[in-house]
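In what follows, a structure is listed as C-alpha cells, so that the remarks can point back to it.
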Amino acid sequence: MDANYFKRTTAAGVMAVVVEEGWAPLTNEIWIYGSDDDTLFRLITLGTGSLSPGDAFQKQGFVRKGSESVVGPMPPYGEIITRENDIWKIIAWIRSKNCERDSARC
C-alpha cells in the first residue's frame, strides 16, 4: 500500500503528505500517547487537544506519555473518514512507514 491510496480523500491525503514530509511525529521513536492500535484509532477519529470535539480524546483517559519538538493538536478525522476499515488501513500504513525507518520495531 502506498501514499496514493490515502490521497484519494482530503483528510487521509493530508495525513499521508504530513507523514511523508516528516511534519508529523507518526513514524518517529516517540509516540506521545502510546502506540497501541486502540490509541492510534482514537487519535485519528477524535483528534487531540483544542481540536478534539468536547476534548473527547482526553475525556477517555488518554494523557501524554512523552514529548518532543513537534507539538500541536491533531484534528479529528472521524467525520471525514467514515469507514472504520479505512481507518484501520491508515493505521497499517503508519505502521509500515514506521517499519521502514526502524525494522527492529516491527
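Annotations
- Only one of the numbered conditions (1) loosely packed, with under 13 Cβ neighbours inside 10 Å; (2) modelled with pLDDT of 85 or more; (3) assigned to a loop (DSSP other than H, G, I, E, B) is violated by residue 69, and that is (2).
- Residues in the range 10-50 that are of a type outside the set (Ser, Thr, Tyr), outside any loop (DSSP other than H, G, I, E, B) and at pLDDT 75 or above: 9 in all.
The values are calculated or read from the model by the stated rules, or taken from the named source; none is laboratory data. Bear in mind that the values here come from a model prediction, so they are computed numbers and not experimental data. So basically every Cβ, Gly included, is an ideal-geometry build from the backbone, and we count neighbours across all protein chains shown.
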